[in-house]
Amino acid sequence: MAWLQAKLMLYYLSVQVDVYEMSHGKLPIPSGAMPPAPMPPTGEHAKNEIATPMYEYIKKMWEQFTAAQSG
């Protein structure tokens, strides 16, 4: 799949899930299916100048996703 298609699919899937939850209630995600917390970059990866901003973004998205599931 091309990145453009993935980005468009992300939009359409997000809309569909949000609309479904508006009319049917929140979709529960079993604790065993929840994604694990992201790990910060270490070693050689930590030296990459974009590694920390990428980690911070992924961590923020994970926190938003998990907060939405619990609240």
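Worth pointing out:
- Candidate aspartates and glutamates for bridging to Lys26, where Cα separation is under 18 Å - those fewer than 8 sequence places away on the same chain excluded: Asp18, Glu63
- Loop GluC sites (Glu not before Pro), region 10-68, which have at most 12 other Cβ atoms in a 10 Å radius of their Cβ (DSSP): Glu49
- When +1 charges are put on Lys and Arg Cβ atoms and -1 charges on Asp and Glu Cβ atoms, the dipole computed for the chain relative to its Cα centre reaches about 40 debye.
- Take the Cβ atoms of Met22 and Ile58, set R0 to 30 Å, and the FRET efficiency comes out at 0.65.
- Under 24 Å from Lys47, Cα to Cα: lysines that are on another chain or at least 8 residues apart: Lys59, Lys60
- Candidate values [x] 1.53; [y] 1.11; [z] 1.39, label of the one derived for Cα Rg over 2.2 N^0.38 Å: [z]
All of the numbers you see were taken from the coordinates with simple rules; none came from a lab. Keep in mind the model is a prediction, meaning the values are calculated, not measured. Every residue, glycine among them, receives a Cβ derived from its backbone with ideal geometry; neighbour counts consider all protein chains shown.
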